[in-house]
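Here's the structure, in structure tokens; my notes come after.
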Amino acid sequence: MSTRRDFIKKSAFASAFLFGGLPRLGKSKSLMGTGDTNKPIVLSTWSHGIPANDAAWKILSGGGRALDAVEQGVMVVEADPKNTSVGLGGFPDRDGHVTLDASIMDEKGNCGSVAFLEHILHPVSVARAVMEKTPHVMLVGEGAFQFALENGFQKSNQEMTPEVKAVWEKWKTDNKYTSKPIDKNNHDTIGMVAMDSNGNLSGSCTTSGLGWKIHGRVGDSPIIGDGMFVDNEVGAACATGKGEAVMKICGSMLIVELMRNGRTPQQACEEAIHRIAKKQSDYKTFQVGFLALNKNGETGAYSLLKGFQYALAVNEQNKLYDSDYLVKD
Ligand code: ASP
């Protein structure tokens, strides 16, 4: 059911086309700790990060603002009806509702988010409207939906695809509707952090959350400081995986604070993953992945389990990398 492979195929071509050839970068670790400022730069989660980075790069390479890049980058993934972990194509909750969470944050520390939002194609843009048009940071559920309509967003008629419906029906039969919604296969948020050519940072995060979650469940992605955080003096971070585990350590905020205290982005991501492993005894049973970017354009990525991938666009090249991870046995 995963759409990751399709993305890799499609986006390898798109990236080669856009950037005029195969990426020359080796491991992204080559960027780490060099002290060079790599900008513009954009970093995002999973293979769907490749097409998202392509869209973000168009803005960044034209001298545009990181905030516009992180919004328009993740919108590509939100709009893909075949993506089963982001946007309206996502796996539903156990009652059959596709409920969306999203957040966005700019270089001034302004931020906005929506959670438990239904029937809207681009929750990240509603999050941006909350940030720019209201005195609030977060709107949820029916209130967020009404706010979206009042601000020019359309109610989408997009229904669950037959493929998603079939998986959900099977899940209900196999699991007898038990609230055991977290496994390694029913999620994959897009989180994105970017620095523009002016050296300003922004971040975004958008997801349909965990498939088969209890109706009303909200994850880390729309919680500022959990799923994503930006401090323009220091750096930015974002998260994917089991939101509950990220929320218990305030993951993205923790990583930015670790960078403030001198850690490289890689060290900060590793320390946050170690924190989860230390405090949550079942850490071998679920996935969490973190990405980080600092003001020098140095990057970091680390996850609990094997399999986390991220896309990095810098120096006219956009490439998918395998993250290093903790649980090796
Ligand atoms: N973090 C998301 C959530 O818990 C899911 C994911 O990133 O895979 O809702």
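Modelled spin-label separation between Leu149 and Asp95, with each label point placed 7 Å from Cα along the Cα-to-Cβ direction: 1.9 nm.
Assigning unit charges at the beta carbon (Lys, Arg +1; Asp, Glu -1) and nothing else, what dipole magnitude in debye, to the nearest 20, does the chain show about its Cα centre? Present the calculation step by step, with values, prior to reporting the outcome.
On the way: 36 positive and 37 negative charges, 168 e Å.
In debye, rounded to 20, the chain gives about 800.
Between the residues Leu304, Cys111, Gly216, the greatest Cα displacement towards the positive end of the dipole of the chain, with unit charges on the Cβ of Lys, Arg, Asp and Glu, is found for Leu304. Please check: in the Gaussian network model of the chain (C-alpha springs, under 10 Å), which one of Asp95, Asp68, Asp226 has the largest mean-square fluctuation. So, out of Asp95, Asp68, Asp226, the one fluctuating most is Asp95.
I'd like the FRET efficiency for Lys170 and Asn315, computed as 1/(1 + (r/R0)^6) with the beta carbon distance as r and R0 of 41 Å, rounded to 0.05. Please report the intermediate quantities before stating the final value.
Values: r = 45 Å, r/R0 = 1.09.
With a Förster radius of 41 Å, E is 0.40.
Highest mobility in the GNM of the chain, judged by mean-square fluctuation with C-alpha springs under 10 Å and restricted to Thr99, Thr134, Thr299, is found for Thr134.
Can you tally the net charge around Asn232? Count Lys and Arg as +1, Asp and Glu as -1, for every other residue whose Cβ sits under 9 Å from the Cβ of Asn232. Walk me through the numbers before you get to the answer.
Numbers: positive: Lys108, Lys295; negative: Asp106, Glu107, Asp231, Glu233.
Here the charged neighbours net out to -2.
A helix-only calculation puts the chain at -10000 deg cm²/dmol for mean residue ellipticity at 222 nm, using -39500 (n - 2.57) for each DSSP H run of at least four residues, averaged over all residues.
By the gyration tensor of its Cα atoms, with a ≥ b ≥ c the square roots of the eigenvalues, what is the shape of the stretch 31-147: rounded for a/c under 1.5, prolate for a/b over b/c, or oblate? The shape class here is oblate.
Within the accessible area of the chain, the carbon and sulfur atoms contribute 51%, probe 1.4 Å, all protein chains present. Averaged per residue, the chain has 40 square angstrom of accessible surface, using a 1.4 angstrom probe with ligands and nucleic acids left out. For Gly96, neighbours were defined as the other residues whose beta-carbon sits under 10 Å from its Cβ, and their charges (Lys and Arg +1, Asp and Glu -1) total 0. As an exercise, find the ratio Rg/Rh for the stretch 63-107 from alpha-carbon atoms, using the Kirkwood inverse-distance average for Rh. When Rh is taken as the Kirkwood radius, the ratio is 1.09. Please say if the stretch 229-328 is rounded, prolate or oblate, where rounded means a/c under 1.5 for a ≥ b ≥ c the square roots of the C-alpha gyration tensor eigenvalues, and otherwise the choice is prolate for a/b larger than b/c and oblate otherwise? It comes out oblate by the Cα gyration axes. With the simple spin-label model, which puts each label point 7 Å out from Cα in the Cβ direction, the His274 to Glu132 separation comes to 4.1 nm. GNM remark for the chain: springs join alpha carbons under 10 Å apart, and the peak mean-square fluctuation among Leu210, Leu201, Leu258 falls on Leu258.
In the chain, the inverse of the mean reciprocal separation of distinct Cα atoms equals 19.1 Å; this is its Kirkwood hydrodynamic radius.
Rolling a 1.4 Å probe over the protein chains gives Tyr310 an accessible area of about 10 Å².
The values are calculated or read from the model by the stated rules, or taken from the named source; none is laboratory data. Since this is a predicted model, take the numbers as computed values, not measurements. Cβ: placed from backbone, ideal geometry, glycine included. Neighbour counts: every protein chain shown. These area figures cover heavy atoms from the full protein model, side chains too; ligands, DNA and RNA do not enter into them. Shrake-Rupley method; radii C 1.70, N 1.55, O 1.52, S 1.80 Å.
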